[in-house]
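Have a look at this one.
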Amino acid sequence: MLGSFAVGKTSLVRRFVSGIYSEDYITTIGARVEKKCITIEDRPLNLLVWDLNGEDKFQKLNMDYVQGSEGYLLVIDKTRPASLEVAHTLHQKAQIVLGDIPFILVINKSDLPDAWDAQEKEIEQLREQGWIIKTTSAKTGTGVDEVFESLARLIMQT
Amino acid sequence: MSSILARLVSDLDIAVLERTPQGSFNMVSEMPEWLSTLIPETTVHHEALFLEDIFLFLDDFLERHASFWNQPTLEQITSGVWTEVLPDGKEQLLQATALFVQERPLLLLKVPFHQEAWPIYQHAREQRLENEQLVEEINKREVLLHCIVHDLSNPLSGIKGSLDLLLSEELVEPEDGNELVQLGIRQATKMQKLIRSILSTFANEVKPLVPTLIGEDIAPDINACMHEVAESLSATASLRDVHIKVDSDRSKDPVKVVGETERLERVLFNLVANAIRHTPKGRKITMSLREEGKYIEASVEDEGTGVPEDLVDHLFDRFSQGNDSIGQAGLGLYFCRITVEGWGGIIGYRPSASGGACFWFRLPKPIKNPPASE
Ligand SMILES: Nc1nc2c(ncn2[C@@H]2O[C@H](COP(=O)(O)OP(=O)(O)OP(=O)(O)O)[C@@H](O)[C@H]2O)c(=O)[nH]1
Ligand SMILES: [Mg+2]
């Protein structure tokens, strides 16, 4: 899980793994590792999810945590244009270490109203460049399982 | 363990475990409270613990460094920080260190300083979030204000037009209030000027930044930015066996340019990340600075194969992308261009002497004395 702080990485993992959601914001420090078994095309899969801290002045992304992953979710907050810029930076870092492995750009907090300065144009351009983009809400649960399953499928295909 | 040492280790809340040849671990120190809540009750005597079954994080850490235990060494390996959720729901931060003491293979589990500092991280991020929201709110209001002022100008033109007509068609006799009509026209003209000046001030504000307004005191130090970016990307670069070199001393006097630190670092970051992707193993990337009259020129030079000639003209366009599939530099370079140009600078590309790529940009030096604000 890569993305700026407070975009909802931990909330997405918690919704996916335990089916719960909380309004409280408790920032993640370092890594949290969670496991969930899912079934993709009748095959049982063990998904290990590394929920990482968002990058800011205090904490850089620890590249040790990124290394070895087979796919990643790049999470942004629909209401915060700045989170898209951070996602670009993290994506570049991840690509340097991991090369071209499967990833999905996740636009979280779809339950909230659109920001004024919607980043639609830029996102549309990323879609045209071939990015896979999905929207989720950790709050309502919409799209959450799908996004993890899609990533798992992409990983299985490569 | 001697009793003094045991007491110290327990005070420091450190768990000391010794690795068995089978790969399990035995407690050597007393078991810290937090650890005991995580260990299955069936494990008596705290022996033969399989840590990878208890901590998913350690599963990865121990596997990654499996060869460390092969023979005693003076070196030690420390993991990053990770979070465990205790049975009572409390979140515990932990960190592991593998080392040999008198040839005995030990693993230390301890609570890192981050645990104490957590409220500070939390507070800082909440503040930052609030700040982002405020900025967003201010932007919204400015746009709204702009619309309102704009909407006022239409009826005003109507009013003024009517008054002009009254006067020119001589529809009112002087004694009937000719002067009052002229007064009305004067006021309406004044109001139109006011609206025009509000609108033009607004237009200036939404331009990224007005370069002349940035004084030396708040201008970023591009030398420090370069070192910061080199440092933040050095781990990533070394994974690809690429070396990043900054041509100037970190301790050198600050080199001030027009701009804003965070975005300037992002421009440099994009250029260096791009260079890393295009530099073969074992080569280096050089960042340097030089003075160019009223400007400072920064450059990022790599030892790759350079940009093919047919791509050069469109490098900084929104959709531009090199024809290799290594990465998407398109938006990155576009961001660099609009940022640099927004600060009154220019950005460009030239092949480097070594045949690699050299991306450069120039930014104006800030003014010596910022205008005194009233
Ligand atoms: N409305 C809404 N709020 C959300 C959603 N997902 C997360 N949040 C809220 O956003 C805040 C941050 O969520 P986290 O999951 O902690 O964010 P994070 O990305 O893990 O943050 P860091 O660990 O600091 O990097 C919390 O207050 C959540 O309740 C969502 O889908 N909708
Ligand atoms: Mg988190």
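The values are calculated or read from the model by the stated rules, or taken from the named source; none is laboratory data. Please read these numbers as outputs of a predicted model, since none were measured by experiment. With ideal geometry, Cβ positions are generated from the backbone for all residues, glycine too; neighbour counts draw on all protein chains shown.
So which residues in region A:33-51 are of a type in the set (A, V, I, L, M, F, W, C) and more than 10 Å from chain B (Cβ to nearest Cβ), if there are any at all?
A:Cys37, A:Ile38, A:Ile40, A:Leu45, A:Leu47
Condition first: away from ligand 1 (no atom under 12 Å from the Cβ) and among the aliphatic types (A, V, I, L, M). Now tell me which residues in region A:50-67 satisfy that.
Within region A:50-67, A:Met63, A:Val66 qualify.
Restricting region A:124-139 to residues that are away from ligand 2 (no atom under 16 Å from the Cβ) and of a type in the set (Lys, Arg), which is modelled with the lowest pLDDT?
Out of the qualifying residues, it is A:Arg127.
Okay, residues lined up against (1) over 24 Å from B:Gly332 (Cα atoms); (2) more than 9 Å from chain B (Cβ to nearest Cβ):
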{"residue": "A:Asn53", "(1), (2)": "no, no"}
{"residue": "A:Lys60", "(1), (2)": "no, no"}
{"residue": "A:Leu74", "(1), (2)": "no, yes"}
{"residue": "A:Arg80", "(1), (2)": "no, no"}
{"residue": "A:Phe103", "(1), (2)": "no, yes"}
{"residue": "A:Arg127", "(1), (2)": "no, yes"}
{"residue": "A:Thr135", "(1), (2)": "no, yes"}
{"residue": "A:Gly143", "(1), (2)": "yes, yes"}
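Anything in region A:23-44 that is within 12 Å of ligand 1 (Cβ to nearest atom) and β-branched (Val, Ile, Thr)? List them, or say none.
Those that are within 12 Å of ligand 1 (Cβ to nearest atom) and β-branched (Val, Ile, Thr): A:Ile26, A:Thr27, A:Thr28, A:Ile29.
Kindly list, by first and then second residue, each pair from a residue in region A:6-27 that is more than 18 Å from A:Leu47 (Cβ to Cβ) and of a type outside the set (Ser, Thr, Tyr) to a residue that is within 6 Å of ligand 1 (Cβ to nearest atom) and assigned to a helix (DSSP H, G or I), limited to pairs with Cβ atoms under 7 Å and residues at least 6 apart or on different chains.
A:Ala6/B:Arg125
Quick check, is A:Ile107 away from chain B (no Cβ under 12 Å) and surrounded by 14 or more Cβ atoms within 10 Å (Cβ to Cβ)?
Values: away from chain B (no Cβ under 12 Å): yes; surrounded by 14 or more Cβ atoms within 10 Å (Cβ to Cβ): yes.
So A:Ile107 passes the test.
Among (1) in a loop (DSSP other than H, G, I, E, B); (2) in contact with a helix residue (DSSP H, G or I) (Cβ under 9 Å, 6 or more places away or on another chain); (3) at the interface with another protein chain (Cβ under 9 Å from one of its Cβ atoms), where does A:Lys139 come up short?
So A:Lys139 meets the others, but not (3).
Continuing with this model, one more query. Restricting to helices (runs of 4 or more DSSP H) lying wholly in region A:1-107: which have 2 or more residues that are within 13 Å of ligand 2 (Cβ to nearest atom)?
Working: elements: A:9-18, A:63-66, A:81-98.
Ranges flagged: A:9-18.
Looking only at region A:10-22, which residues are within 13 Å of chain B (Cβ to nearest Cβ), small (Gly, Ala, Ser) and near ligand 1 (Cβ under 8 Å from one of its atoms)?
Residues of region A:10-22 within 13 Å of chain B (Cβ to nearest Cβ): A:10, A:13-14, A:17-18, A:20, A:22.
Still in the running and small (Gly, Ala, Ser): A:18, A:22.
Residue satisfying the conditions is A:Ser22 alone.
Take the residues in region B:154-173 that are in contact with a helix residue (DSSP H, G or I) (Cβ under 8 Å, 6 or more places away or on another chain) and modelled with pLDDT of 75 or more, then tell me which one is nearest to B:Met191 (Cα to Cα). Show your work before the answer.
Initially, region B:154-173 is screened for residues in contact with a helix residue (DSSP H, G or I) (Cβ under 8 Å, 6 or more places away or on another chain), giving B:156-157, B:159-160, B:163-164, B:166-167, B:171-172.
Checking the rest, the ones that are also modelled with pLDDT of 75 or more come to B:156-157, B:159-160, B:163-164, B:166-167.
Working: B:Leu156: 8, B:Ser157: 10, B:Ile159: 11, B:Lys160: 10, B:Leu163: 14, B:Asp164: 15, B:Leu166: 19, B:Leu167: 19 Å.
Per the criteria, the residue is B:Leu156.
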